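First comes the structure, then the notes that go with it.
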Amino acid sequence: MTDGISNPNVLVTGGASGIGLAAAKAFSSAGGNVLLFDLNEDALDQAKGSLGGGDNILTMAGSVINEADV
């Protein structure tokens, strides 16, 4: 999954559900550090829990179209 990259750092937009969450799960299970970025803060908390809630999972609520959020 990581093409030989050790401990990748990954930013996943839309990471609280769907394809974003699936990608986050894949990178996390491959040993990656994952930042989940999504509009829905409650869903981010649930997503972090579903990924094991470890120190390698961070969350940030915001919108990619709002420059102040990114």
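The values are calculated or read from the model by the stated rules, or taken from the named source; none is laboratory data. None of these values were measured; they are calculated from a predicted model. Here the Cβ is made from the backbone with ideal geometry for all residues, glycine too, and neighbour counts use every protein chain on show. The protein model used for the area step is the full one, side chains on, heavy atoms only, and it has no ligands, DNA or RNA in it. Shrake-Rupley method; radii C 1.70, N 1.55, O 1.52, S 1.80 Å.
Mind listing whichever residues of region 30-61 are polar (S, T, N, Q) and within 13 Å of ASN7 (Cβ to Cβ)?
ASN33, ASN56
Can you tell me how many residues in region 12-70 are in contact with a Phe, Trp or Tyr (Cβ under 6 Å, 6 or more places away or on another chain) and among the aliphatic types (A, V, I, L, M)?
Total satisfying the criteria: 2.
Can you name the residue in region 5-34 that is assigned to a loop (DSSP other than H, G, I, E, B), at pLDDT below 95 and in contact with a Gly (Cβ under 8 Å, 6 or more places away or on another chain) and, of all such residues, is surrounded by the most Cβ atoms within 10 Å (Cβ to Cβ)?
Restricting to residues being assigned to a loop (DSSP other than H, G, I, E, B), at pLDDT below 95 and in contact with a Gly (Cβ under 8 Å, 6 or more places away or on another chain), the top hit is PRO8.
When region 35-68 is examined, which residues are found to be among the polar types (S, T, N, Q), touching a residue at least 24 places away in the same chain (Cβ under 8 Å) and either assigned to a helix (DSSP H, G or I) or open to solvent by 30 Å² or more (accessible area, probe 1.4 Å) (or both)?
The answer is ASN40, GLN46, SER50, ASN56, THR59.
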